[in-house]
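S.K.: My questions will all concern the structure given below.
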Amino acid sequence: MDKNIRICIVGGGPAGLSAGMYLEQKGYENYTILERQDRVGGKCWSPYYNGRRYEMGAIMGVPSYYAVEDVEKFCGITHDGPKLNRNYKNAAGEVIEPFARTIGNIIRNPWMLKMKGQLKKFGELLETKYKGYDVNGHRGVAEGRYDGYAVTPGREKVEGFNPNLKDLALPFKEFCEKNGVPLIQKIWIGPFTSFGYGYFDEIPAGYVLKYLDFQTCMNFVKVNLWTWKDGTQYIWEQLNAHLKNPARLNSTIEKVERRDGKVYVTVNGQVEEYDKIIVTAPLYIPGTRMDGQKGMVDYFDAREDELALFSKIDYERYDVQAVLTKPEDHPEISYYVFDNMVPEKLGHLMVYYRRWKDQIDQVITTYALRKHKNSKEIPYEECRRMVQEDLKVMKNPAREVINEWSVYYFPHVFSEDYAAGWYDKVEAMQGKYDTYYAGEVMSFGDMDETAEYSRELVERFF
Ligand SMILES: Cc1cc2nc3c(=O)[nH]c(=O)nc-3n(C[C@H](O)[C@H](O)[C@H](O)COP(=O)(O)OP(=O)(O)OC[C@H]3O[C@@H](n4cnc5c(N)ncnc54)[C@H](O)[C@@H]3O)c2cc1C
């Protein structure tokens, strides 16, 4: 492709900014990043309180965040944040130890012994029966193929046939049951459901395992995690500051028309001409959200195939509140509440995060889901109230809510569409209307998968 082409990138979150970085590194310098908000980072949002930053969005990474590492190297920064630690409470607010301790070599809890056996089996199955399960993105999976880059420091290109991969379309619960390892869900659920990615009876195993591949999940278990002193937003602010063409903030895109091999973008009332467009913003949202976000199909001259495919996308309603407590009510550590990570407890507090070890007067962030495929959505205000009631039960009541948002989170498709080859159909459309689709739905809703997908997109098409 001609290195001088004019490329428009919609969205200044991890996917859009890293697309800019990888394009630049490949010699494409004529790119423009349009961001609708007055800041970059998207769901990496780290506001200040008393001079320190807390996290309203993304919090952590793992050592296999290779694309995030690319960004760190590009900017000369590193993961220098406070060490994460957590404990567990039940729904009654009592501190519990869900994973029994070992005494010498004798394991007290027979359930734990069984789970350890299943974990070992699961690790082996993923390596053998499901070879190729963990490459970035979902290309070929519905056809029993893998095609992408390995999750290794070298990120070698790997491809091959493996019909067993079709099982990844099954909801994760079914996938585990089919493979005789139902107990491992108890390990995967912490960094999945409480992090807002939905419930195992509704979300295809492909999403769960591409994010929480075996190694990544073990990093969560061992708390071998990365954080950033100035928050995850800092990573993307730094990247933006190092790009040749930093994102243009406060850009409201009114219209996008694609005709005669050109892309016409009306932004803040002016028409701009481009040759190609990369969309990292939401592709589909039914209606306009409270925060003004719309799906791409609503401001583009969307074609029938785009509409048909993108209208299958659903997303999670994930609510975050930033609260202050009285000093005597302050939690001493972050807590997971496993009892609340089931659809029956929709809208309840699943996890709360205490970021700094040394400070009592700091922001605590709370997390709840209020939608499940087969249940009625819980209204925002109700969920907000329930979480505050839960904080009282946890003996860490809030005295004030200083920030809150309901996030457009983890866009995905359900099993039927996943199995019917939704991803291959969208991949076949890449470039068709001088348009490329990137961002969360194309891979998974975390910083690294989205940035890695942008890397691959640039690698494949530019
Ligand atoms: C509460 C929470 C916790 C999380 N925890 C983690 C974590 O610990 N680790 C992790 O790796 N990830 C985590 N994530 C997920 C991670 O933040 C996202 O997956 C990642 O930010 C996705 O990047 P993206 O660029 O695809 O999308 P986004 O971050 O959503 O960025 C999209 C950008 O596009 C902009 N945009 C939207 N519409 C338009 C438009 N019409 N025109 C122009 N711009 C537009 C948006 O304003 C936004 O800046 C978390 C997210 C949340 C909300």
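S.K.: Could you rank the peptides 190-198, 290-298 by their average count of other C-beta atoms within 10 Å per residue, with the highest value first? Mind dumping the intermediate values first?
M.R.: Values: 190-198: 23.1, 290-298: 15.7.
Taking the mean over residues of other Cβ atoms within 10 Å, the ranking is 190-198, 290-298.
S.K.: Run the dipole for the chain about the Cα centre, Lys and Arg Cβ at +1, Asp and Glu Cβ at -1, nothing else charged, and hand back the magnitude in debye, nearest 20.
M.R.: The calculation lands at about 1100 debye.
S.K.: Only Lys, Arg, Asp and Glu count, each charged at its Cβ (+1, +1, -1, -1), so figure out the dipole size of region 331-379 about its Cα centre, rounded to 20 debye.
M.R.: 280 debye
S.K.: Right, something else. Quick one: order 455, 370 from most to least accessible surface, probe 1.4 Å.
M.R.: From most accessible down to least: 455, 370.
S.K.: Mind giving me the nanometre distance, one decimal, between the label points for residue 129 and residue 344, set 7 Å out from Cα along Cα→Cβ?
M.R.: 2.9 nm
S.K.: With unit charges on the beta carbon (Lys/Arg positive, Asp/Glu negative), name the residue among 214, 12, 420 whose Cα is farthest towards the positive pole of the charge dipole of the chain.
M.R.: Highest projection toward the positive end goes to 214.
S.K.: Return the tail of the calculated pair distribution for region 34-165, meaning the percent of Cα-Cα pairs more than 24 Å apart. All intermediate terms of the calculation are to be shown ahead of the outcome.
M.R.: Values: 5239 of 8646 pairs.
Tail of P(r) above 24 Å: 61 percent of Cα pairs.
S.K.: Ok, one more. Let me know the shape class of region 8-80, please: from the alpha-carbon gyration tensor, a ≥ b ≥ c as square roots of the eigenvalues, rounded when a/c is under 1.5, otherwise prolate if a/b is greater than b/c, or oblate.
M.R.: oblate
S.K.: Treat region 147-188 as a sphere of radius equal to its Kirkwood radius over Cα pairs and apply Stokes-Einstein at 20 °C in a medium of 1.002 mPa s; give the translational diffusion coefficient in µm²/s, rounded to a whole number. Intermediate results must be reported in sequence, preceding the final value.
M.R.: Numbers: Rh = 12.3 Å.
Here the translational diffusion coefficient equals 174 µm²/s.
S.K.: Could you tell me the convex hull volume per residue, in Å³, taken over the Cα atoms of the chain?
M.R.: In the chain, the Cα hull volume divided by residue count equals 147 Å³.
S.K.: Taking 0.36 nm per residue of sequence separation and subtracting the Cα-Cα distance, how much length would be gained by fully extending the chain between residue 121 and residue 161, in nm to one decimal? Don't jump to the answer; show the numbers that get you there.
M.R.: Working: separation 40, 0.36 × 40 = 14.40 nm, distance 2.23 nm.
My answer for the length gained is 12.2 nm.
S.K.: Provide the per residue accessible area, probe 1.4 Å, for region 50-148, rounded to a whole number of square angstrom.
M.R.: Accessible area per residue: 48 Å².
S.K.: Summarise the long-distance tail of P(r) for region 263-386 by giving the % of C-alpha pairs beyond 20 Å.
M.R.: Pairs farther apart than 20 Å: 61 percent.
S.K.: If you don't mind, another one. Where the only charges are on Cβ atoms (+1 Lys, Arg; -1 Asp, Glu), what is the dipole of region 227-373 about its Cα centre, to the nearest 20 debye?
M.R.: Using Cβ point charges on Lys, Arg, Asp and Glu, region 227-373 gives about 100 debye.
S.K.: Helix-derived [θ] at 222 nm for the chain: sum -39500 (n - 2.57) over DSSP H runs of at least 4, divide by residue count, nearest 500?
M.R.: Rounded to the nearest 500, it is -8000 deg cm²/dmol.
S.K.: Skip the ligands, DNA and RNA, and give the accessible area per residue of region 263-370 with a 1.4 Å probe, whole Å².
M.R.: Working: 4020 Å² over 108 residues.
Per-residue value: 37 Å².
S.K.: Got a sec? Charge dipole of region 395-462, +1 on Cβ for Lys and Arg, -1 for Asp and Glu; which of 406, 450, 439 is way out at the positive end?
M.R.: 406
S.K.: Considering only DSSP beta bridges with both partners in the chain, what is the antiparallel share in %, to the nearest 5?
M.R.: Expressed as a percentage, antiparallel bridges in the chain total about 75.
S.K.: Further, regarding this structure: Determine, from the Cβ-Cβ distance of residue 326 and residue 73 and an R0 of 51 Å, the FRET efficiency 1/(1 + (r/R0)^6), rounded to the nearest 0.05.
M.R.: 0.75
S.K.: Using a Förster radius of 45 Å, what is the FRET efficiency between residue 402 and residue 375 based on their Cβ-Cβ separation? Nearest 0.05, please.
M.R.: Calculated value: 0.90.
S.K.: Another question, if that's okay. Per Stokes-Einstein, at 20 °C and 1.002 mPa s, what whole-number D in µm² s⁻¹ belongs to region 407-446, with the Kirkwood radius over Cα pairs as the hydrodynamic radius?
M.R.: For the chosen part, D equals 193 µm²/s.
S.K.: Taking the mean number of other Cβ atoms within 10 Å as a proxy for protection, how do you rank 171-181, 260-270, 274-284, 301-311 from highest to lowest?
M.R.: Highest-to-lowest ranking by the protection proxy: 274-284, 171-181, 301-311, 260-270.
S.K.: What's the percent breakdown of Cα-Cα distances in region 107-166 across 5 Å bins, shortest bin first?
M.R.: The percentages, shortest bin first, are 4, 19, 21, 17, 13, 9, 8, 6, 3.
S.K.: Expressed as a whole percentage, what fraction of the accessible surface of the chain belongs to carbon and sulfur atoms when a 1.4 Å probe is rolled over the protein heavy atoms?
M.R.: 51 percent
S.K.: A further question on this structure: Could you give the length gained on full extension between residue 272 and residue 48, defined as 0.36 nm per residue of separation minus the Cα-Cα distance, in nm?
M.R.: Details: separation 224, 0.36 × 224 = 80.64 nm, distance 3.53 nm.
Here the answer is 77.1 nm.
S.K.: Mind giving me the FRET efficiency for residue 307 and residue 221? R0 is 45 Å, r the Cβ-Cβ distance, nearest 0.05 is fine.
M.R.: Details: r = 42 Å, r/R0 = 0.93.
So the FRET efficiency works out to roughly 0.60.
S.K.: Another question, if that's okay. Rounded, prolate or oblate: which one fits region 198-317, using the alpha carbon gyration tensor with axes a ≥ b ≥ c (rounded when a/c is under 1.5, else prolate when a/b beats b/c, else oblate)?
M.R.: Because a/c hits 1.5 or more and a/b fails to exceed b/c, region 198-317 counts as oblate.
S.K.: Next up: Calculate, in nm to one decimal, what residue 249 and residue 85 gain on full extension: separation in residues at 0.36 nm each, minus their alpha carbon distance. Display every interim value, and only then the final one.
M.R.: Numbers: separation 164, 0.36 × 164 = 59.04 nm, distance 3.53 nm.
Taking 0.36 nm per residue and subtracting the Cα distance, the gain is 55.5 nm.
S.K.: GluC sites (Glu not before Pro) within region 9-58: which are DSSP loop residues with at most 14 other Cβ atoms inside 10 Å?
M.R.: 29
S.K.: What is the percent of Cα-Cα separations in region 146-225 that go past 22 Å?
M.R.: 29 percent
The values are calculated or read from the model by the stated rules, or taken from the named source; none is laboratory data. Predicted model, so just to flag it, every value in this text is computed and none were measured. Virtual Cβ from ideal backbone geometry, glycine too; neighbours counted across all protein chains shown. Ligands, DNA and RNA are excluded from the accessible area calculation, which covers all protein heavy atoms including side chains. Shrake-Rupley method; radii C 1.70, N 1.55, O 1.52, S 1.80 Å.
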